[in-house]
Amino acid sequence: MLPSDFRFSQTSLQDYVDCPRRFQLRYVDAQPWPAVQSQPVLERERHLDLGTRFHRLVERHQLGMEPDTLARTVDDPQLQAWWSAYLGFDYLHTMEGERFPEFRASVDIEGHRVVVAYDLLVLRPEGNVVILDWKTHRWPPSAEWFAARMQSRLYPLVLVLAARRGVFGAVVRPEQVSLVYWLVGSSGDVVEFAYNEAQFESDLSYVGSVLRGVDRESAREEWFKTADEAQCRLCEYRSLCGRDVEIGAFDQFGIDVGNIVSDDVVLFEDVSEVGF
Ligand code: SF4
């Protein structure tokens, strides 16, 4: 059984969509990851650690810390490359508006609490809201890949729902929201998504259906295992599922800080959460 106070995130919802059994092992059974001492996994963990440190650097800079002070904590060539790219990321630095780094919001959908942690929100002077998210993937995912991710549906959806409860002092219409991924780890490009009422309604329906799916699956002793064995190639639970698939190469996968590590690691302790 899921704990009654379980809070869904884009991480856990994506896990469910990818493989309900993975969701069960990770969140219902709290199954520790079996030790996997293979090179791709160790390399991935190092990459995730650097990604987390990069997010902290950006957060602190957006909160007003001096770049020189922050630069003294950068002790890794990869982190240095990302930090240098960030300092030259004029798309962000020239964007007018009030900034809210590592901003959390939570809403209730289908009787479940859903929590989102935004890397950065920028409230533009005209009332629009830009959601920015840093991606340290080594390969540049396509816009289609991003569009299919739970994150792309959940982030603007929760923002609009939260705004209806007054968190920004005014209602934010879907048309006022945009979502921007910055591919700092690969091409350096930005991938932008505009939002609208039809997409909002579609996302609300989709996320609701996923949450109802979790409720249904909860009645089963063993949750459904994905038929897509590609999902198993970098899954930590491969050895528990009898899935005899070759472990994937690190660079083949959509390594996503927000989708692999636990929320406790990604969602920093010193951010505020606004719940409704
Ligand atoms: S190994 Fe495959 S079937 Fe098992 S939990 Fe992971 S993704 Fe699901």
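The values are calculated or read from the model by the stated rules, or taken from the named source; none is laboratory data. Please read all numbers here as calculations on a predicted model, not as lab measurements. When we count neighbours, we look across all protein chains shown, and the Cβ atoms used for this are built from the backbone with ideal geometry, even at glycine.
Would you please name the residue that is surrounded by the fewest Cβ atoms within 10 Å (Cβ to Cβ), looking only at residues in the stretch 161-202 that are of a type in the set (G, A, S) and within 30 Å of W82 (Cβ to Cβ)? Among those residues, the one meeting the criterion is A194.
Given the condition assigned to a helix (DSSP H, G or I) and at pLDDT 85 or above, answer yes or no: does some residue in the stretch 216-224 qualify? The answer is yes; a qualifying residue exists.
Considering only the stretch 34-46, I want to know if a residue exists there that is within 16 Å of the ligand (Cβ to nearest atom), closer than 29 Å to H112 by Cα, charged (D, E, K, R) and buried (at least 17 other Cβ atoms within 10 Å of the Cβ). Within the stretch 34-46 (the criterion being within 16 Å of the ligand (Cβ to nearest atom), closer than 29 Å to H112 by Cα, charged (D, E, K, R) and buried (at least 17 other Cβ atoms within 10 Å of the Cβ)), the answer is no, since none of the residues qualifies. Across the stretch 169-195, the number of residues qualifying as without any contact (Cβ under 8 Å) to a residue 24 or more places away in the chain and in contact with a strand residue (DSSP E or B) (Cβ under 9 Å, 6 or more places away or on another chain) comes to 3. Scanning the stretch 203-212 for residues that are surrounded by 14 or more Cβ atoms within 10 Å (Cβ to Cβ) and either among the hydroxyl-bearing types (S, T, Y) or within 15 Å of the ligand (Cβ to nearest atom) (or both) turns up just one, Y206. Taking each residue of the stretch 230-244 that is under 19 Å from E43 (Cβ atoms) and modelled with pLDDT under 85 and looking for partners that are more than 6 Å from the ligand (Cβ to nearest atom) and among the aromatic types (F, W, Y) with beta-carbon atoms closer than 7 Å, six or more apart or interchain, yields L234/F253; E236/W33. Remark: V191 falls outside the filter, which requires a residue to be at pLDDT 95 or above, among the aliphatic types (A, V, I, L, M), assigned to a helix (DSSP H, G or I) and touching a Phe, Trp or Tyr at 6+ places or on another chain (Cβ under 8 Å).
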